Each structure stands twice: as C-alpha cells, then as structure tokens.
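A quick write-up on the structure given underneath.
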Amino acid sequence: MDRIGGRFTRVEPRRRATALVLGLLSDLPRKNCWTLAEHAGNATPDGMQHLLHRAKWDADAVRDDIRASVVEHLHDTEAVLVVDETGDLKKGTATVGVQRQYTGTAGRIENAQVAVYLVYSAARGHAAIDRALYVSRSWTDNPDRCRSAGIPDGLVFATKPQLAARMVVRALEAGTPARWVAGDEVYGDNPHLRTALEHRRTGYVLAVSSTHPVVTHAGKFQARALAARIPKRAWQRLSAGAGAKGERYYDWAQIDIHGPSDQLGQWCLLVRRNRRTGELAFYRCFSPRPVPVSELVRVAGRRWTVEETFQAGKGLTGLDEHQVRRWTSWHRWVTLAMLAHAFLAVTAATERRDRPAPDGLIPLTGNEIQHLFAALISPVHDLAHRLRWSHWRRRHQARARQCHYRQQATSSHEDHDPRLEY
C-alpha cells in the first residue's frame with residue numbers, strides 16, 4: 001500500500017482503500033461493500049461505497065503502480081504478455097457493459113459483463129497488470145444509456161483485440177520487459193493485434209482457428225489443410241510447461257508461412273497435437289529473428305497462466321464479486337482486486353526465491369499465503385458490532401422489500417383494465 005499511498009490526496013480514502021484490500025485478502029466467503037465494511041469495523045458500508053464512487057483518486061494511476069511493482073519483483077526479459085477476457089454473470093440491464101453475450105465463464109450466451117485483461121507471465125510468477133471493460137455497440141450507440149452508467153463522453157466502440165492491443169502497447173511503452181505476446185483465437189484470428197505487434201517488432205504466439213487462412217510459398221490454405229500435409233518425421237514431442245500433474249507433453253510441428261512483404265522476421269504456423277486424442281490446435285507466430293520451435297512452444301504454454309490468474313483473482317481476492325453499476329466504480333474495484341492478487345503473486349515468488357521449501361513440502365502458493373495472511377489480519381469484533389450490522393442489514397432489506405412492493409403495486413394498478421372487472 002505504500003507504493004499507491006500517494007495516489008490518494010486525503011487520508012480517509014487512503015485508509016478506506018487499505019481496509020478494502022485487506023478485506024479482499026481475508027477469508028470472507030463473499031466480498032462486497034457490505035461484508036468488507038463489516039470486516040473493517042465500519043458501522044455502515046457508506047465509506048466503502050464512497051471510495052468506489054465519489055472519492056478523489058485515479059484508478060489508472062494505481063494500475064500503473066501495480067504494473068511497476070509486478071515487473072520489479074517478477075522481472076523477466078523473456079516474459080510473455082498474455083491477453084484474454086473473462087465474464088461476470090449479471091442480472092438486469094443497468095450495470096455498465098452488461099448485455100447478452102457469449103462468456104467462457106458460463107460457456108454460452110448469458111447476460112454478462114465482459115472485460116479484457118493483460119497478464120505479465122514470468123518464470124517466477126504471473127499477475128494481471130491491466131484491464132479494459134468491453135463496451136458493446138448496444139451501449140456506445142446509446143449516449144443516454146452510457147451517461148446513466150457514468151461512461152465517459154466520447155467513448156467509441158472497440159473490439160476485444162483492439163482493447164488488448166492498447167493494453168499491450170501501454171505496457172511496452174512503459175518499459176515493461178517482455179519479448180512475447182500470447183492469446184487465444186479471439187486475438188489470433190483478428191489481424192489488428194498481430195499488425196500492431198509486428199510494427200513494434202514484438203514476437204507473438206496467438207492461437208487461431210482451424211479455418212484460419214495462411215499464405216505459404218505454395219499458395220493460400222486453411223490451417224487444418226496445411227496440418228494434413230505434415231509428414232510424420234516433422235512432429236516433435238515437447239513439453240508446453242509443467243502442470244499440476246507433471247509436464248504437459250504434446251506433439252508439435254512448424255510450418256513456415258508468409259508475413260507482410262514490408263517487414264522482416266520469421267512467421268510460421270505452429271501445430272499442436274494431443275498425443276492421446278489426436279486433437280489439433282493451431283498458433284500463428286511471429287518473431288523479429290529466428291527462434292527454435294521449443295521457444296514457440298514455451299510461449300504457447302504460458303497462455304494458460306491467464307486462466308490461473310482469473311481463477312486466483314476470482315477465488316481469492318473477489319475480482320468478480322463486485323456489486324457496482326457504474327464505470328468508475330467498476331474500474332476502482334477491479335484495480336484494487338488486481339492489487340490484492342499481485343500481492344499474493346509477488347509474495348509467493350519472493351518466498352520461493354528466499355526461503356526454498358524443505359523436503360516433503362511444496363513451495364508456498366498464493367492460496368496458502370492467502371490463508372496465512374487472512375489468519376494474521378483477521379479482526380476481532382465484539383458482539384455489539386455484530387448485532388449493529390445485523391440490525392443495519394435487516395433495516396436495509398426491509399426498505400428494499402417495501403420499495404419492491406410499491407413498484408409492484410404501481411405496476412399492477414397501471415396494468416388494471418376496469419372493463420375486465422366483471
């Protein structure tokens with residue numbers, strides 16, 4: 001918190017932010033303004049809500065501090081910047097960015113809020129260093145709806161690959177040491193991110209669909225058509241990195257393809273084959289200079305660290321448990337949740353470096369550090385505090401119920417047709 005303390009001009013929001021982050025690092029079963037305020041010893045959630053909505057502080061500046069801290073502690077010149085999106089299921093239509101859209105969280109089209117994240121994936125650990133809320137055309141084409149959710153005037157629609165490209169460029173321009181970018185088919189099939197990285201001479205290994213078109217010296221083909229022509233001797237057995245159950249071995253093959261005529265570098269299609277099922281996956285790759293296939297495989301394997309980041313961010317630090325509706329509140333909550341997760345990632349990396357685990361124990365993980373830290377910071381509140389919060393919740397819920405009943409009665413009265421009484 002010392003690193004971001006200067007981002008708050010007043011002591012009250014600085015203390016609130018500290019209390020909120022400590023609550024996110026706690027073992028509370030649910031993490032929102034109500035539970036975090038009670039955990040902090042506040043009488044009501046008003047202070048936490050004020051911090052997220054009206055207090056004076058810059059969430060983007062705090063994001064920059066998070067990136068600097070992560071890079072400082074996990075520094076790796078061979079690091080990979082991983083882009084991916086995740087969705088949070090939501091009800092209603094008023095919450096910023098919410099609409100019916102596909103989200104991998106549910107595996108189908110649902111009413112959801114989707115955001116793109118950038119993860120710094122280094123040899124020693126990984127953490128999210130940037131975020132961008134995806135705002136669809138159904139929002140950007142409706143200025144009144146945007147205004148009601150606090151979306152800044154002039155925000156224009158941007159695709160997920162465009163949001164990813166902005167975050168990658170922002171990180172690189174800030175001096176973030178990273179040689180590679182990785183992402184799934186959403187980003188590999190779209191040329192926007194690839195073009196931006198080629199112009200910056202930054203390597204990438206981006207997944208593409210089986211029907212993705214590529215150009216070779218023999219002509220233009222779909223990725224799956226090229227894979228069918230790979231001779232048996234061209235496949236290599238290589239590990240995509242260590243998983244929970246050991247090394248993740250696949251068969252891999254590399255096919256040279258053409259890149260932009262005005263650029264120098266190495267372009268190829270990387271094909272992965274599951275050794276048990278034979279299922280294929282495809283990656284479009286670029287490097288400013290020639291690299292062995294083992295290096296491309298290493299980068300492809302790093303993409304999965306974004307899934308681990310989402311799992312830890314949501315499971316440990318409440319990344320998806322926000323109950324906020326407006327643009328500013330969303331960015332502030334997500335940024336502070338990223339800060340809490342970065343603390344766990346950096347602490348785990350530092351512990352593994354400075355205090356190797358003794359025989360018979362695995363190294364400290366983010367999960368275990370969160371358990372230990374939660375026990376350390378767990379406050380002890382008296383019964384009176386618990387009873388006051390019970391009274392506050394019941395009073396708030398009673399008012400909400402009365403409001404719903406009034407709305408229902410009004411709606412029923414408006415829908416009533418006296419001609420149907422008899």
Through the Karplus equation 6.51 cos²θ - 1.76 cosθ + 1.60, θ set to phi - 60°, convert the phi angles of the range 2-10 into ³J(HN,Hα) values in whole Hz; use x for Gly and Pro. 4, 5, 9, x, x, 6, 10, 6, 10
Taking springs between alpha-carbon atoms closer than 10 angstrom, which of PRO45, PRO143, PRO292 fluctuates most in the Gaussian network model of the chain? PRO292
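Please list MET1, MET167 from largest to smallest accessible area, probe radius 1.4 Å, with all protein chains kept in place.
Ranked from most to least accessible, the order is MET1, MET167.
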Convert each backbone phi in the range 356-372 into a coupling constant with the Karplus relation 6.51 cos²θ - 1.76 cosθ + 1.60 (shift: θ = phi - 60°), then list the ³J(HN,Hα) values in order as whole Hz, x for Gly and Pro. x, 5, x, 4, x, 10, 7, x, 4, 9, x, 4, 5, 5, 5, 4, 5
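Highest first, please rank the peptides 77-89, 232-244 by the mean number of other Cβ atoms sitting within 10 Å of their residues. Walk me through the numbers on the way to the answer.
Details: 77-89: 21.5, 232-244: 12.6.
With the highest mean Cβ count within 10 Å placed first, the list reads 77-89, 232-244.
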Step through the residues of the range 244-260 one at a time and calculate ³J(HN,Hα) from phi using the Karplus curve (6.51 cos²θ - 1.76 cosθ + 1.60, θ = phi - 60°), rounding each to whole Hz and writing x for Gly and Pro. 5, 10, x, 5, 9, 8, 9, 8, 10, 9, 10, 10, 5, 10, 8, x, x
Using a probe of 1.4 angstrom, how much of the accessible area of the chain is carbon and sulfur, in percent? 50
Among all the aspartates and glutamates, which ones have a C-alpha under 13 Å from LYS232's C-alpha, if same-chain residues fewer than 8 places away are not counted? ASP251
Count neighbours as other Cβ atoms within 10 Å of each site's Cβ, and list the trypsin sites (Lys or Arg not before Pro) in the range 272-307 that are DSSP loop with at most 13 such neighbours. ARG275, ARG276
Counting only protein chains, not ligands or nucleic acids, how are ILE230, ILE109 ordered by accessible area (probe 1.4 Å), most first? ILE109, ILE230
On average, how much accessible surface per residue is there in the chain, in Å², for a 1.4 Å probe, leaving out ligands, DNA and RNA? 52
Let me cross-check THR9: its accessible surface, 1.4 Å probe, with only protein heavy atoms counted, in Å² to the nearest 10? 120
Among (1) 76, 70, 42; (2) 72, 62, 44; (3) 66, 59, 40, which is the computed Cα extents along the principal axes in Å? (1)
Heavy-atom accessible area of GLU307, protein chains in place, probe 1.4 angstrom, given in Å² to nearest 10, is 80
Relative contact order for the chain using alpha-carbon pairs under 8 Å, separation at least 6, rounded to a whole percent? 18
Anchor LYS90: aspartates and glutamates whose Cα lies under 20 Å away (excluding residues fewer than 8 positions away in-chain): GLU110, ASP320, GLU321
Using a 1.4 Å probe on the protein heavy atoms only, what accessible surface does SER136 show? Give it in Å² to the nearest 10. 10
Using a 1.4 angstrom probe with every protein chain in place, what is the largest-first accessible-area order of TYR117, TYR134? TYR134, TYR117
Cα-Cα pairs of the range 197-238 separated by more than 16 Å (percent): 56
Give me the angle, in degrees from 0 to 90, between the Cα long axis of helix 191-200 and the longest principal axis of the Cα atoms of the chain, rounded to the nearest 10. 70
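The values are calculated or read from the model by the stated rules, or taken from the named source; none is laboratory data. All values derive from a computational prediction rather than experimental measurement. When we count neighbours, we look across all protein chains shown, and the Cβ atoms used for this are built from the backbone with ideal geometry, even at glycine. Side chains are part of the model used for accessible areas, which takes the heavy atoms of the whole protein and leaves out ligands, DNA and RNA. Shrake-Rupley method; radii C 1.70, N 1.55, O 1.52, S 1.80 Å.
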